[in-house]
1. Considering only the stretch 42-145, give the helices (runs of 4 or more DSSP H) lying wholly within it that have at least 2 residues that are at pLDDT 85 or above, under 23 Å from ILE160 (Cα atoms) and of a type outside the set (Val, Ile, Thr).
2. Restricting to the stretch 278-295, what's the tally of residues that are in contact with a helix residue (DSSP H, G or I) (Cβ under 6 Å, 6 or more places away or on another chain) and touching a residue at least 60 places away in the same chain (Cβ under 8 Å)?
3. Can you list residue pairs whose Cβ atoms sit under 8 Å apart, with the first residue in the stretch 50-63 being over 21 Å from SER88 (Cα atoms) and the second being open to solvent by 10 Å² or more (accessible area, probe 1.4 Å) and modelled with pLDDT of 90 or more? Count only pairs 6 or more apart in sequence or on different chains.
4. Restricted to the stretch 383-394, and to residues that are at pLDDT 95 or above and open to solvent by 10 Å² or more (accessible area, probe 1.4 Å), which residue is nearest to ILE335 (Cα to Cα)?
5. For the stretch 205-221, does any single residue satisfy the condition of being closer than 27 Å to GLU404 by Cβ, in contact with a Leu (Cβ under 8 Å, 6 or more places away or on another chain) and open to solvent by 30 Å² or more (accessible area, probe 1.4 Å)?
6. Pairs please, first residue from the stretch 113-128 and closer than 17 Å to ILE142 by Cβ and among the charged types (D, E, K, R), second anywhere and open to solvent by less than 70 Å² (accessible area, probe 1.4 Å) and in a loop (DSSP other than H, G, I, E, B), Cβ atoms under 7 Å, 6+ apart in sequence or on different chains.
7. Take the stretch 146-157 and flag every residue that is farther than 25 Å from GLY55 by Cβ and either assigned to a helix (DSSP H, G or I) or of a type outside the set (S, T, N, Q) (or both).
8. Step by step: first the residues of the stretch 87-114, then only those that are in contact with a Pro (Cβ under 8 Å, 6 or more places away or on another chain) and of a type in the set (A, V, I, L, M), then the one that is most open to solvent (accessible area, probe 1.4 Å). Which residue is that?
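The values are calculated or read from the model by the stated rules, or taken from the named source; none is laboratory data. Every value quoted in this text rests on a predicted model; they were computed, and no experiment measured them. Positions of Cβ are backbone-derived with ideal geometry, glycine not excepted, and every protein chain shown enters the neighbour counts. Each accessible area value is taken on the protein alone, full model and side chains, heavy atoms only, with ligands, DNA and RNA left out. Shrake-Rupley method; radii C 1.70, N 1.55, O 1.52, S 1.80 Å.
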Amino acid sequence: TGNLGSGALNFAGHNGESRGLASLVLQLPDPKSIDHKSGISGHLHQDVDGIQEDGTYLIFTPDKVYQDCNAVIHEKDQIKRIHHHMASCKHFDNMFGNRLAYMYGIRMIANALQKPFTFTCGMAKGERPNGAVHLMNLFTNIRGPVPHRANGEGYTAEDICQNICNNLFCSWYSRDLDLVAHTMAVDWRHLTSPTVVPISDNDDAVIHLRLGDGLFSTVGANEGKGIFPHATYINLLMQAQQEKGIINSIGIVTAPFKGSNVRSFDQGYTSLSEEIALDLMNALQNALPKAKISIHNSPEETIMESLARVVHARKVAVCGCSTFCPYPLLATAGIGFMYNPVGAQNQWVRNAAKRYDDFRLFETPMLNGLIISNEKTGWKLDHALVMDWVRNQDPNVGNVDIIEAPIFREPKP
C-alpha cells in the first residue's frame with residue numbers, strides 16, 4: 001500500500017523504504033520496564049553532557065531544547081552508545097511534540113554513527129506515567145538505518161550536524177527531520193503495541209484536534225497554530241470513506257478540559273476548547289449520521305493512550321497544526337492526513353509525504369491564534385464570530401493563514 005505504518009517493520013537496508021515497508025520483517029522484543037534500566041542510572045548524577053568512562057555519550061537536558069551537535073562528532077570514535085536524559089518527564093510532557101522532535105534529532109545522529117540510542121527521564125515521587133516515561137521502552141540495542149534520501153543517497157553524521165541541521169540537533173522546525181521518519185514509524189508501532197498500551201475502543205477514524213494554546217498568541221507574534229473549519233475534517237473523512245469503506249466510528253483526540261493534566265498556559269481557554277470540540281462533534285454527526293462519535297480526552301487518558309489512538313485508527317487519522325501527532329501518524333494503520341504547514345513548524349512532513357503514499361498532506365484555511373486572542377495586546381475576536389467561522393468558512397480557499405480581518409475568505413473565481 002505504500003503506508004509506512006502497515007505491515008511489519010525493519011531497520012535493515014534501504015530497499016523499498018521510499019514507497020512501502022510491508023515486505024520487511026522485525027520481531028519486536030518485549031517492552032522493557034519503565035521503572036528502572038540497569039547499567040545507565042550511574043550516569044544520571046551528571047549535570048553536563050559528554051563522554052563517560054564506559055563509552056556512553058550522555059546528552060543531559062534539564063531545560064534546554066537546542067544544543068550544538070558538534071561535540072558528539074568530535075567524540076565519535078570513542079562513543080559506544082548515545083544516551084539522552086531529560087531531567088523531568090513532566091517537563092518533557094508539557095511540550096511533548098517539540099521535545100520529541102528534538103529527541104529524534106539526536107536519534108538521527110545516533111543512526112548516522114550506527115550507535116545504539118537510549119532515552120530516560122526523571123519522575124517525581126508519586127508522578128503518574130504519562131508520555132515521556134514510555135519512551136524508555138524504545139529500542140536500545142538496535143542501530144537505526146543510516147539517514148538517506150528516497151533515492152538512496154546516504155548521509156554521514158558530519159553531513160547531518162554541520163550541513164543539514166546547521167550545527168544543532170535537528171528539531172521540529174527542521175525541514176530534514178524526515179531522514180529519521182523510518183525510525184519514527186518503527187518506534188510508534190512498538191510503543192503503542194496493544195500489549196503495551198491496551199485500548200478497547202479504537203476507532204475507524206481519529207482526529208487530533210489542537211485547541212488550548214492554538215486559541216491564542218502569547219507574545220503577539222504568529223506562532224503558526226490555530227483552528228480549522230469543521231468542513232475540512234468532514235471532507236477528509238469523506239475522502240477516506242471513498243477509499244477505505246464506511247466509517248462507523250470517529251474519535252476526537254484533544255487535550256483535557258479539566259483535571260491535573262490541563263497545562264497551565266491552557267487554563268483560560270478550556271471553555272472555548274470544549275465548545276469547539278462539541279460543535280465539531282455535532283457537525284460530524286450531521287455529516288455521518290450512522291457513525292459513533294466520541295471525544296477522547298478524559299483527565300485519566302495519558303499522552304501515550306492518545307497517540308496510540310492515532311496509530312490504531314483503522315481507516316484514517318488526521319493531524320493538524322501540531323508537533324504532537326505527526327510521528328505516530330507515520331505508523332497509522334490507514335491513511336494519515338497531515339496539515340501542510342504554512343509556518344515554521346513541521347516543515348519536514350513535506351519530504352515525508354514524498355516518501356510514503358499513505359502519509360498525505362492537506363491544505364485548509366486556518367484561523368490563527370494570533371487573531372483569536374492576542375495576549376500581548378489584549379485583542380480578542382468575538383466568541384460568536386469564532387464559532388461562526390468554524391461552522392461556515394469554506395475550506396476550499398487554499399492554505400490560508402488568517403491573522404487579520406477579514407476572517408472569512410472566499411474561493412478564488
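1. Details: elements: 70-74, 89-94, 96-113.
Result: 70-74, 96-113.
2. So the answer is 2.
3. If the second residue must be open to solvent by 10 Å² or more (accessible area, probe 1.4 Å) and modelled with pLDDT of 90 or more, the pairs left are ILE51/TYR57; ILE51/GLU75; ILE51/GLN78; ASP54/LYS80; GLY55/GLN78; GLY55/LYS80; GLY55/ARG81.
4. Step by step, filter the stretch 383-394, then rank; the result is ASP394.
5. Yes, there is a match, as at least one residue in the stretch 205-221 is closer than 27 Å to GLU404 by Cβ, in contact with a Leu (Cβ under 8 Å, 6 or more places away or on another chain) and open to solvent by 30 Å² or more (accessible area, probe 1.4 Å).
6. Correct list of pairs: LYS115/ILE79.
7. Here is the first cut: in the stretch 146-157, the ones farther than 25 Å from GLY55 by Cβ are 148-153.
Within the stretch 146-157, HIS148, ARG149, ALA150, GLY152, GLU153 meet the criteria.
8. The residue in question is ALA87.
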